[in-house]
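The structure appears right after this line, and notes come after that.
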Amino acid sequence: MQGIIFDLDGTLVNSRLDFDALRAETGCPESLGLLEFMDTLSCPQQRAQTAAIIDRHEQEGAVASTWITGAQRYLEALVAAGVPVGIVTRNSRSVVAKVQQKLLLPDIPVITREDALPKPDPAGLLQLARLWQLPVHRLAYIGDFRFDLEAARNAGMLAVLYAEQSGGDDEHLADLVFSHFDQLAELLPVKRD
């Protein structure tokens, strides 16, 4: 692999978001993602209320965010080695800015939901491939959820799943699965060509 793209929440950082509470408060069914549910709302007032609820939860999560064990060391090692590294997240720019400020994320490209259609759409991933001028098959996307793996597949990239415990519902979509960042360096050697 020549470059690595990461999901943010649940992959690099733990924001302690309670998705069950978020779904209950917004009325979002289990079968839909929160952003997709918001897109189905035709009433502007209901849509604005739902957006405000999502934003409040995400902002609180950004304040509570912590690094996932090993993620900071691995990310910083990639940056120091000159490997193209970026983040594609379904979060908003303001949430990412809070996380960047709190955890001192390295200065790498970040694509948010304001910059590209949200995952599983591959637009954000393809945007970084164009920025780096690298072929998609030489890039990996690492995430913790089905939308991340689907986005990687839709982009033609290696789909890598971070799962603390094996046996999850999304593992069949992944090309590689790891449970700790120490494993990732062995599973996914990255070279600068």
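If only residues of the range 124-134 that are surrounded by fewer than 19 Cβ atoms within 10 Å (Cβ to Cβ) and either touching a His at 6+ places or on another chain (Cβ under 6 Å) or touching a residue at least 12 places away in the same chain (Cβ under 8 Å) (or both) are counted, the one that is nearest to MET1 (Cα to Cα) is LEU134. Pairs meeting the criteria (first residue in the range 144-163 and in contact (Cβ under 8 Å) with a residue 40 or more places away in the chain, second residue surrounded by 23 or more Cβ atoms within 10 Å (Cβ to Cβ) and hydroxyl-bearing (Ser, Thr, Tyr), beta carbons under 8 Å, at least 6 apart or on different chains) are ASP144/TYR162; ASP148/TYR141; ALA151/TYR141; MET157/TYR141; LEU158/TYR141. Only one residue in SER166, SER65 is surrounded by fewer than 17 Cβ atoms within 10 Å (Cβ to Cβ) and farther than 16 Å from ILE4 by Cβ, so which one is that? After applying the criteria, what remains is SER166. Screening the range 1-92 for helices (runs of 4 or more DSSP H) wholly inside it with 1 or more residues that are outside the structural domain of ARG146 (by TED's automatic domain parsing) returns the ranges 19-26, 34-40, 44-64.
Exactly one residue out of GLU30, GLU25, GLU114 is out of contact with any strand residue (DSSP E or B) (no Cβ under 9 Å at 6 or more places or on another chain), without any contact (Cβ under 8 Å) to a residue 40 or more places away in the chain and within 20 Å of ALA129 (Cβ to Cβ), and it is GLU114.
Just checking, does the range 100-120 include any residue being under 21 Å from ALA163 (Cα atoms) and among the aliphatic types (A, V, I, L, M)? Looking for residues that are under 21 Å from ALA163 (Cα atoms) and among the aliphatic types (A, V, I, L, M), one finds none in the range 100-120, hence no. The sole residue among ASP148, ASP121 that is surrounded by fewer than 21 Cβ atoms within 10 Å (Cβ to Cβ) and either modelled with pLDDT under 95 or charged (D, E, K, R) (or both) is ASP121.
The values are calculated or read from the model by the stated rules, or taken from the named source; none is laboratory data. Since the structure is predicted, the reported quantities are computational estimates derived from the model, not experimental observations. So basically every Cβ, Gly included, is an ideal-geometry build from the backbone, and we count neighbours across all protein chains shown.
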